[in-house]
């Protein structure tokens, strides 16, 4: 039946499956900061090609760039600025680059779940999705020594089961959905879950502006200066509102010579203010959990 | 038969189905204003995903953003500037957000028809299209207390029956077609209908520049500054010609932190002139009806 | 057989079907001008939707805009600047807007062939293509009183028969191909045809930057200022080389309030130089024919 | 089996087929230069249309432009600046334009392999790919008098056999992969091959920003100024790191009047520094081979 023929119960059920609950935007951020900044890097590397079959040696090499060139540049920049960030890593990517995962943790950063092999989690059977997600969490812990507290789904989407799996895994946050700029509690079928959503947005993602696919019309289509301008506006307004600025980047995207200045200038802009708390996603989630201690959180 | 094999009657019939009649551009606008401005917001929210099946929780959350974050920001901006606007709301969206619909009306804005669930009105059977359209009008009235005077079709397109349905519903205006910059009377099969067209244009739509679809090559591809520049040029020339500047926005698009300045700066630019009449679509249509009282209008 | 299995004769035959012959770039242009400028407007109007079936009333209205709003604005601008241009008009478009065709000719502009109903000429059977092309030429002459001297194919492409049809029709020029910036003589199977090519380029076309298709990822993607910059660079270099600057526009594209300044500023820039000859395509072709009188031309 | 069901051996084998080995970035470049620049031009001309079937006379003419207009402009610019570059030429393109190939070599530039007819090398049967590649090398040598030292695959991708074919042909470098900014040694199934990779990137390719396909949504989508800015940033950072700046262009893309300034200004910027070595790809590869003489290189 076409959606315009649905009864009310049907569309209410679809909309209500996973929904934004109460806002978790705090009165102030850690140490009295006016604004919080959470930077993340999705280390897809070779997995974005592997998940398509892994036949393109050219695209595998572009993924390898992320690990060979992008991550070292990013870690140096973060270290130079004394900033901690979160790296969401598909488990296969962590297994292909075990030293990278350990260096990330060793530098004081957080590691989060990002699927097994960057699979399209939202189209998997329930059992397959759960098994991959659990195996991913265990693998990240084994490789890096750090148990993941949160996740970002590879497709920035949830299946009908993703939220339940996150609860079973005991995760305290997710960072894949978009119902707000500021953190909120996820509701599952209308019931508070205690899981904190740290919302992403395509606007605050480097790949949106720079990705390239030879077979389609997808091309890098925004000048780096224009992308910096968008990110800066997002931050400035987050600061103006006393909210959270969360930015997703990819080492094989932002890590290029003509793009690293975006991250560098953005960090310089952010840290030029004294009242900003730059933290990992996990630290943000933990702070919000403390601030809003209630039965469900 | 291929169109190049059509007889003249065929292509004349297709072109003549719905056509622009006489221009309704007035000698001057209300209160002697030189130029009219009509801002509209299409509150699709979750319905743009529901109409595709409603399976993507991620896209539903991006729609929820429109209601949770976008509309409040927009209403605040409009109130601060003393501006009335028109909100075209799919009925399902109004049912999901009844408070929003009431707050919009309570703030002095207009509510217009925008389909039942953002269905593709132009491909529906006649009876289905009519039933959904009538139900949408009744639902908006019941929820908001305001009977809609006009409509914007979800697909910015007409089926062969849309114009007739609008007449049956007694609507005084439509805002979905593009044959002029300034208002005109719609002809149906060459006959004046008394329905006023307040023309839209993709150029004057925020989604065109900012929409994103992960599966295709659609991406935000214009810098916010460039979009503001386009909108400003459209207004400046409307002012130069003494015409109408009509702009369509979407709360889940323009309502973002890095984009609200477009609306803010545009309003500041518009209201810096004393000879501009900023009004709802309904007020513009009513004024034109008065100015051009004739048998058909 | 795949092209990499072709024998040499096959790929040489394909490449040689229609090819650029000798350059017709003159030592100087009419009246000793250093540079020539030929502006053209493709008046597709409703035909670009009709050729797809004509079912979208919305897209038909966007085409109607070209005739109702775009052409009058363009004609006014040309008249104010004393400039003659060429309008390539599908015959069905001329029949839908007979007054427009006559006003164009009355203002001293040239009318050229642009297919019957903007059909994809390069995929038609030989007889169908010829019949449509002949009927288009006769229709334009009957409506406007002016016999076309040249053509621009609707798809900016040739079938295997297009060149022969142009010869049968006695056309002196075509403006659909891209092998040079400056005019050249067309070769058919290696033989000079006497037909002058006035080359187009997507770079020098307004639709490329501004077209929109709701169903695909095609969007207006370049800021108007950036488009003006591209056109200006093309002209400046044509002037630098003493060549031809040929620009294609569409009334339903360039004719909008936020874009007409591109044409206005470009004309101001061009006419700020005293040594530029602005002429119709036909006048340019006739001049080149005189300058290079030889057995084939 | 879906990739998320693969055993570890499968994904490790796919990733390991061709991989980046040790970095070949030297302590300093030839003559003590701080930075190396290698410019290349892929002379696809008519072959990009031929490989699709060669039926579009319009697209063939756009390819012909590359040879008739683009290459002469480029050669003049290079000569005026005393710069040597590398031209990767499909063999069929060289056969269609034998004088061009000879003029390129005569001007002191390098010629490299770029497939037989711009075939999609990565989807061919092993024997077909090898035969075409060998025939291409022999043809280039016969036409130009210069035996190719290296290759760029037409699809910027490798089949499972491409690396082995390059070894059989005795090539010293490839320039098709993307695992680094700076040169590295290619590993085949984990074994050093002695073949030097001079990495390309879509970021450093003109076609990415300017290509046009009427049938899809692909359009020129970046302003020329923005493209120059990207290329300049890539160079500046290469200089900052003491690395290699390698840029791919296409005569039918960059060779246009509104785009040649990108190459001109980039060369002016590069040569304004005294410590830059501008060289052909072959010269860079030979220098690296000398600097890093080891059993495998």
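No lab work stands behind these numbers, since they all come straight from the coordinates. In this text the structure is predicted, and so the values were computed from the model without any measurement. Glycine also receives a Cβ, built like all others from the backbone with ideal geometry; neighbour counts cover every protein chain displayed.
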Review point. Hey, got the average number of other protein chain Cβ atoms within 10 angstrom for residues in C:200-209?
Key: 4
**Study point:** chain D: calculated mean residue ellipticity at 222 nm from DSSP helix runs of at least 4, using -39500 (n - 2.57)
**Key:** -12000 deg cm²/dmol
Practice item. Have a look at the DSSP beta bridges in the stretch D:19-291 and tell me what percent are antiparallel, nearest 5. Key: 25
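Which percent of the Cα-Cα distances in the stretch D:29-73 go past 11 Å?
Value for the stretch D:29-73 (Cα pairs over 11 Å): 70 percent.
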**Study point:** Across the identical copies, how the residue D:80 labels are spaced - nm, sorted shortest first, 7 Å along Cα→Cβ
**Key:** 3.7, 3.7, 5.2
Revision key, fill the gap. Quick shape check on the stretch C:55-149: root eigenvalues a ≥ b ≥ c of the Cα gyration tensor, a/c under 1.5 is rounded, otherwise prolate if a/b tops b/c, else oblate, and it reads oblate
**Study point:** Nearest-0.05 FRET efficiency for residue A:28 and residue A:264, computed from C-beta distance (R0 30 Å)
**Key:** 0.60
**Study point:** Estimated distance in nm for a label pair at residue C:76 and residue C:142, the labels positioned 7 Å out from Cα along Cα-to-Cβ
**Key:** 3.3
Point to revise | Inter-copy label distances at residue D:134 (7 Å, Cα→Cβ; nm, one decimal) | key: 5.5, 5.5, 7.8
Review point. So for A:143, A:200, fewest C-beta neighbours within 10 Å to most, what's the order?
Key: A:143, A:200
Exercise for review: Count the DSSP beta bridges whose two residues both fall in the protein assembly as shown, then state the antiparallel fraction as a percent rounded to the nearest 5.
Suggested key: 30
Review point. Rounded, prolate or oblate: which fits the stretch A:109-184 when a ≥ b ≥ c are the square roots of the eigenvalues of the alpha-carbon gyration tensor, with rounded for a/c under 1.5 and prolate only if a/b beats b/c?
Key: oblate
Exercise for review: Between copies, how far apart are the residue C:272 label points? List them in nm, one decimal, shortest first, with each point 7 Å from Cα toward Cβ, please?
Suggested key: 2.4, 2.4, 3.4
Revision key, fill the gap. Treating every alpha carbon of chain B as one equal point scatterer without solvent, the Debye formula yields log10 I(q)/I(0) values at q = 0.06, 0.12 Å⁻¹ of -0.19, -0.78
Review point. Under the definition of partner shielding as Cβ atoms of other protein chains within 10 Å of a residue Cβ, what is the mean value for peptide A:48-60?
Key: 6
Check your understanding: residue B:289 to residue B:191: FRET efficiency via 1/(1 + (r/R0)^6), r the Cβ-Cβ distance, R0 25 Å, to the nearest 0.05?
Key -> 0.90
Check your understanding: By counting other Cβ atoms within 10 Å of each Cβ, how are A:161, B:281 ranked from fewest to most?
Key -> A:161, B:281
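Output the peptides C:164-170, A:206-212, A:101-107 sorted from most to least packed, where packing is the average of other Cβ atoms within 10 Å over each peptide's residues.
A:206-212, A:101-107, C:164-170
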Review point. Other chains near C:117-128: what is the mean number of their Cβ atoms within 10 Å of each residue's Cβ?
Key: 2
Practice item. For an R0 of 41 angstrom, estimate the FRET efficiency from the Cβ-Cβ distance between residue C:225 and residue C:168 and round to the nearest 0.05. Key: 0.35
Practice item. First obtain the Kirkwood hydrodynamic radius of the stretch D:33-109 from its Cα pairs, then insert it into the Stokes-Einstein equation at 37 °C and 0.692 mPa s, and state the resulting D in µm² per second as a whole number. Key: 248
Exercise for review: Jot down the radius of gyration and Dmax of the stretch A:166-295, Cα atoms only, both in angstrom.
Suggested key: 16.7, 51
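Neighbouring Cβ atoms within 10 Å as the yardstick, rank B:10, B:162, A:280 fewest first.
B:10, A:280, B:162
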Check your understanding: Tell me, how many Å apart are the Cα centres for the stretch A:57-95 and for the stretch A:235-297?
Key -> 18
**Study point:** Taking all pairs of distinct alpha-carbon atoms in the stretch B:1-134, Kirkwood radius in angstrom
**Key:** 18.0
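Å³ per residue of the Cα convex hull, for the protein assembly as shown?
Convex hull of Cα atoms, per residue: 176 Å³.
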Review point. Which chain D residue hugs the D-B rotation axis most tightly by its Cβ, and what is that distance in angstrom, to the nearest whole number?
Key: D:217, 3
